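Structure first, then comments.
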């Protein structure tokens, strides 16, 4: 939508998630194959967006805009793998409870990151969004799920997207953008990026 010379389009994890849902529903109800591929693209964007949302939250305020541009050069799955290497707990859901000193009602925040499973779906969606998908899956157009894992049809691809939507919904359901204990891990990743830039002769 455009208003007052500005395109209004939410480029967020939850925004892409909703578009993926709408497109998948259109495929289910109308059999419109184009909508399935739109859902796959929106889901892939959504996974990447959520991953970068929680990384962005841990970057230093004064340099985060520059830092996130460098991190964006990494594929989402590679970035997640690096974070897991630094601290495997980065892919675990956690709840942080705060108790008031005056004995009042406690309150909490949930951290729901992109999991390794969701990152793997992100990678598989890449195969769905390239033309070679039709060459590798010669019976992609068949309206049924194959008994053997010899290839994919539109319906098995639909199931993958549905699974991804369910997992992304969980990843975007938290009320905490990042786990407070991960600042050092993200700082280490940032240092690696700076070292890489130096090696490549960047200023």
Identity of the residue in region 1-15, in a loop (DSSP other than H, G, I, E, B) and in contact with a helix residue (DSSP H, G or I) (Cβ under 7 Å, 6 or more places away or on another chain), that ends up surrounded by the fewest Cβ atoms within 10 Å (Cβ to Cβ): 11
Out of 87, 179, sole residue that is modelled with pLDDT under 65 and touching a strand residue (DSSP E or B) at 6+ places or on another chain (Cβ under 9 Å): 179
Condition check for residue 105: modelled with pLDDT under 75, outside any helix (DSSP H, G or I) and exposed (fewer than 12 other Cβ atoms within 10 Å of the Cβ): yes
Flag for residue 75 being out of contact with any strand residue (DSSP E or B) (no Cβ under 7 Å at 6 or more places or on another chain), under 17 Å from residue 44 (Cα atoms), surrounded by fewer than 19 Cβ atoms within 10 Å (Cβ to Cβ) and modelled with pLDDT of 80 or more: no
Single residue of region 16-40 satisfying the filter (assigned to a helix (DSSP H, G or I) and surrounded by fewer than 16 Cβ atoms within 10 Å (Cβ to Cβ)) that is nearest to the chain's Cα centre (by Cα): 22
In region 130-148, the residues that are touching a helix residue (DSSP H, G or I) at 6+ places or on another chain (Cβ under 9 Å) and outside any helix (DSSP H, G or I): 137, 140, 141, 142, 143, 144, 145, 146
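The values are calculated or read from the model by the stated rules, or taken from the named source; none is laboratory data. Here the structure is a predicted model, which is why all the values come from computation and not from measurement. Heads up, the Cβs are rebuilt from the backbone with ideal geometry, glycines too, and the neighbour counts pull from every protein chain shown.
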